[in-house]
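Report on the following structure.
The values are calculated or read from the model by the stated rules, or taken from the named source; none is laboratory data. From a predicted model like this one, the values you see are computed outputs, not experimental measurements. Note: ideal-geometry Cβ built from the backbone for every residue, glycine included; neighbour counts use all protein chains shown. For accessibility, only protein heavy atoms count, side chains too; no ligands or nucleic acids. Shrake-Rupley method; radii C 1.70, N 1.55, O 1.52, S 1.80 Å.
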Amino acid sequence: MAAPSAPGGEDSGEPGEITYDEARYPARPRRLRPQAQLETRRRRAPHRRTADGTNPAYVAWLVQQSMLADAEGLSRQLSGSPAMWRNPYARPNARRAVSTSSVWFTAYPISLITREGESFLASVADERLWTAFEEIGIDGIHTGPVKKAGGITGWEETPSVDGHFDRISTQIDPLFGTEDEFRAVCEVADAHGGSVIDDIVPGHTGKGADFRLAEMGHGDYPGVYHMVEIPREDWHLLPDVPEGRDAVNLDAITEARLAEAGYIIGALQRVIFYAPGVKETNWSATSEVTGVDGQVRRWVYLHYFKQGQPSINWLDPTFAGMRLVIGDALHSLAELGTSALRLDANGFLGVEKSSEGAPAWSEGHPLSEAANHVIASTVRKVGGFTFQELNLGIEDIRDTGRVGADLSYDFVNRPAYQHALVTGDTEFLRLTLRTSLEVGVDPASLVHGMQNHDELTYELVHWATAHTHDTYTFRGRETTGAELAEAVRADLLAGITGEAADYNHVFTTNGIACTTASVIAASRGHRALEEIGDDDVEMIRRAHLLLAMFNAWQPGVFALSGWDLVGALPVPIEQVAALTATGDTRWVERGAHDLLDVDPHATQSASGMPRARVLYGSLPEQLRDERSFASRLKGLLALRAKHGIATATQVDVPAVAHPGMLVMVHRLDGGDPTRSAQLQVTVLNFTGETIEGTVRSEHFQPRMAVLDARDEGEIGWVDDLQSFSVWLSPYSGLFLLLKDPGAPEDDLRRSGTHR
């Protein structure tokens, strides 16, 4: 039986308190039995008459659609259930979450090509897909957002403005399938030893029933949002709303006037998705809305993201926003049967007025930590786990992870490993890895991802904000955090956009819209996609596998997308011109792809995304070819699984003999520092050239044998300088094991390998 972990966290040394660990609870706790509890309360819209607060039938219809009403119904079903007391919940446990599933397929529903008439959810419940996943070594699927999103105008639903991350309902969008099909995905995943991960969005909703009821002043609904009613006598402070629009963004002058008048807290620390004339501030004013009491109102509301994504208020006296989000989470876990949830935009849950003249406090706020603790604890309480997509400083990731989500998306190293590939120099990547360890972010708590639906984020918040004046050694000189961030951003822009590669596009101020394959293509000097011929694919594939090695051969979750699996390139921007017209260039990277070759003649997905050019082919085709991307990925993931690297401890990121080399040293101890464990060394070549050099670490002991884990053959010995030599072909990696000469073979296997 394993020793109990301390309540101060999984690595805490505080003794003597009652704990609840995997010795008492299994690493994969039993989930609530999925049940369809909400379907009976949903009814069709009545005869369509006036669509405002004066029509009781319209108000009642909106309530039936609302997430808050669903949350209240579901919470009553679960209250008092013994299932709510079966699992530990107070402390995040990254390694327990990683043990549940550690290699994730990240789906994007609107981009998957399916059989004619088949839904997205039915397609990802396909036994053939899960058989392929199991063969490759994928044991989890993050479905992406599949619930209804967008808005409601009158009696009509309006489309999503942000790839279905503007949720308006707990119902599955018929575009993607049904609740029964979602449950089928969970069942087939479980049969193949896998898990299903869903999304919740605790930071905002779309402009659905809940927002429309809030505008009408109905019940607790105004308490869901950061919205302030502006008295009629001050409507002159508000901008006019053009015909056909329901709101207009405030400019900076109007924002300041309303703040001076005491209505809002004014400017925040930054304006995400800033675009002149579109989003100049984080506040918008509504048009005139007739309420349930017949009163006409105008409101000003906060939206960190797009105007159609009103921000949720986590500290309103009604706690309506909290109730809505928790209800959505419990619906996914209890009704649909998911194992885990991604928390989207969860770093922006608290806002507070700052001192005179300073922006309002909106990032790294303690309320965000408290709210995340509530969400994550609730999920753990019913047997699941959470991961967060928190693009803030490394300290914010650490602090939120101590009380909130079990895992965090690796925003620290993702731009850094792309930078290493583009420049052929791992210096910045080594800096980010070391800084993460120094600050206290365990790599085992991170989701190391390749391409997902978002841009390659180069925002580098850690360096550009909290540490802007701190100094670092970079390229042989002392540089500030701000200068470091600017240099890295400039390298990425120059190396993979513009004249270097016109197929990768800048995305506002956040990053670059691209695929993994197109970053590699640009780094290889391909200025146009048409230049990439069959002879070029092998080097792109080798570099792609190198990036997979970096993400998979270290502790934590490894995540990759369908675009990665098939080697997708961006679609020409003119093919998605209608979607990119407002500046959202990310659509070029979201091309349709066919994992199972179910419709080879399709030119687009069922949602209308144009088909992307792919370099590697479908999974069945690749798995028949031992030299393919998927087959070689299978091999490197087998090493990851065999040696338990996912739950290991990273102990060193040493200096390197060649600038293109990266070395990571791990103890294969499952996170238990008291355990006698073998050392594993990941050595990577981020260049397109053959390199050789010395690997050295203070953790090495002289006379240790160095084994290549692929065949356990000896390639050398650790010398008296605690080093050994390696040779690496272009874009290649080594998974090495160090063997103590005094360790018996059986002890070596027991200490260094896991299934």
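By the gyration tensor of its Cα atoms, with a ≥ b ≥ c the square roots of the eigenvalues, what is the shape of region 325-449: rounded for a/c under 1.5, prolate for a/b over b/c, or oblate?
Note, shape of region 325-449 comes out oblate.
Assuming R0 = 30 Å, can you tell me the calculated FRET efficiency for the pair E626 and D534, based on Cβ-Cβ distance, to the nearest 0.05?
About 0.95, to the nearest 0.05.
Aspartates and glutamates within cross-link reach of K279: Cα-Cα under 16 Å, excluding same-chain residues under 8 positions apart?
D162, D240, D246, D251, E255, D584
In the neighborhood of R212, defined by Cβ-to-Cβ distances under 11 Å, what is the net charge if each Lys or Arg adds +1 and each Asp or Glu adds -1?
It works out to a net charge of -3.
Grab the Cα-Cα distance for E118 and E574, subtract it from 0.36 nm times how many residues apart they are, and report the gain in nm with one decimal.
So the extension gain works out to 161.4 nm.
Give me the percent of accessible area attributable to carbon and sulfur for the chain, probe 1.4 angstrom.
50
Return the loop-located trypsin sites (Lys or Arg not before Pro) in region 197-254 (DSSP other than H, G, I, E, B) with at most 16 other Cβ atoms within 10 Å of their own Cβ; answer none if there are none.
Sites meeting the loop and neighbour criteria: R245.
Just the Cα atoms of region 188-328: what Rg and Dmax do they give in Å?
Rg, Dmax (Cα atoms, Å): 17.1, 63.
Nearest 10 degrees, 0 to 90: what angle lies between the long axis of helix 179-191 and the longest principal axis of the chain (Cα atoms)?
On a 0 to 90 degree scale, this one is about 20.
Residue by residue through region 486-493, what is 3J(HN,Hα) from phi via Karplus (6.51 cos²θ - 1.76 cosθ + 1.60, θ = phi - 60°)? Round to whole Hz and write x for glycine and proline.
5, 5, 5, 4, 5, 4, 5, 4
Taking N as the number of residues in region 171-267, what is its alpha-carbon radius of gyration divided by 2.2 N^0.38 Å?
That ratio works out to 1.65.
Let's test the formula: R0 of 22 Å, r as the Cβ-Cβ distance of E478 and R434. What FRET efficiency results, to the nearest 0.05?
In this case the efficiency is close to 0.85.
What is the distance in Å between the Cα centres of region 526-566 and region 272-321?
Rounded to whole Å, the Cα centres lie 41 Å apart.
Once you sort the root eigenvalues of the Cα gyration tensor of region 376-474 as a ≥ b ≥ c, which label holds: rounded (a/c under 1.5), prolate (a/b larger than b/c) or oblate (the other case)?
prolate
Return the calculated 222 nm mean residue ellipticity for the chain, to the nearest 500 deg cm²/dmol, obtained by summing -39500 (n - 2.57) across DSSP H runs with n ≥ 4 and dividing by the residue count.
Rounded to the nearest 500, the figure is -8000 deg cm²/dmol.
Highest mean first, what order results for 138-150, 626-638 on Cβ atoms within 10 Å?
138-150, 626-638
Only four residue types carry charge here, +1 at the Cβ of Lys and Arg and -1 at the Cβ of Asp and Glu. Report the dipole size of region 517-662 about the Cα centre in Debye, rounded to the nearest 20.
The dipole magnitude comes to about 480 debye.
Using 0.36 nm times the number of residues separating L78 and E714, minus their current alpha carbon distance, what extension gain do you get?
That works out to 223.2 nm of additional length.
For region 463-534, which trypsin sites (Lys or Arg not before Pro) are in a loop by DSSP, counting at most 15 other Cβ atoms within 10 Å?
Filter output for region 463-534: R475, R527.
Can you give the local net charge around G137? Use residues other than it whose beta-carbon is closer than 11 angstrom to its beta-carbon, Lys and Arg +1, Asp and Glu -1.
The answer is 0.
When the expected Rg is taken as 2.2 N^0.38 Å, what fraction or multiple of it is the alpha-carbon Rg of region 663-730?
Ratio of Cα Rg to 2.2 N^0.38 Å: 1.19.
Using Cα pairs under 8 angstrom and six or more residues apart, how large is the relative contact order of the chain, in percent?
Relative contact order here is 12 percent.
How about region 321-428: which trypsin sites (Lys or Arg not before Pro) there are in a DSSP loop, with at most 15 other Cβ atoms within 10 Å of their Cβ?
Here the trypsin sites (Lys or Arg not before Pro) that fit, given the DSSP loop and packing criteria, are K353.
On a C-alpha basis, how far is the centre of region 404-422 from the centre of region 444-467 in Å? Whole number, if you could?
5
Above 22 Å lies some portion of the pair distances; for region 540-673, what is it as a whole percent of all C-alpha pairs?
The share of Cα pairs beyond 22 Å in region 540-673 comes to 52 percent.
Residue farthest toward the positive end of the dipole of the chain, with Cβ of Lys/Arg at +1 and Asp/Glu at -1: which of V447, G203, A51?
A51
To the nearest 20 debye, what is the magnitude of the charge dipole of the chain about its Cα centre, counting +1 on the Cβ of each Lys and Arg and -1 on the Cβ of each Asp and Glu?
Taking the Cα centre of the chain as origin, the dipole is about 1540 debye.
So if I place +1 on the C-beta of Lys and Arg and -1 on the C-beta of Asp and Glu, and nothing else carries charge, what would the dipole magnitude of region 177-312 be about its Cα centre? I want it in debye, nearest 20.
In total the dipole reaches around 460 debye.
What are the principal axis extents of the Cα atoms in region 465-539, in Å, biggest first?
Largest first, region 465-539 extends 47, 29, 18 Å along its Cα principal axes.
Compute the Rg to Rh ratio over region 563-613 from the alpha carbon atoms, using the Kirkwood formula for Rh, and round to two decimal places.
0.98
Choose one of I253, L728, Q65: the residue whose Cα lies farthest towards the positive end of the charge dipole of the chain (beta-carbon charges +1 Lys, Arg; -1 Asp, Glu; about the Cα centre).
Result: Q65.
Cα extents of region 585-636 along the three principal axes, largest first, in whole Å?
So the extents along the principal axes, rounded to whole Å, are 34, 25, 13.
Give the angle, between 0 and 90 degrees and rounded to the nearest 10, that separates the Cα long axis of helix 56-65 from the longest principal axis of the Cα atoms of the chain.
With rounding to tens, the tilt is 10 degrees.
Quick check: the angle from helix 366-381's long axis to the longest principal axis of the chain, C-alpha only, nearest 10 degrees?
Approximately 80 degrees, to the nearest ten.
By its C-alpha gyration tensor, with a ≥ b ≥ c as the square roots of the eigenvalues, how is region 45-128 shaped: rounded for a/c under 1.5, else prolate for a/b larger than b/c, else oblate?
Oblate, since a/c reaches 1.5 and b/c is not below a/b.
Let me have the relative contact order for region 456-515, percent, based on Cα pairs under 8 Å that are six or more residues apart.
Once divided by the residue count of region 456-515, the mean separation gives 34 percent.
Any idea which of N391, A214, A360 is furthest toward the positive side of the dipole for the chain, if Lys and Arg beta-carbons carry +1 and Asp and Glu beta-carbons -1?
Positive-most Cα among the choices belongs to A214.
How large, in Å, is region 73-212 by the Kirkwood hydrodynamic radius built from its alpha-carbon pairs?
16.9
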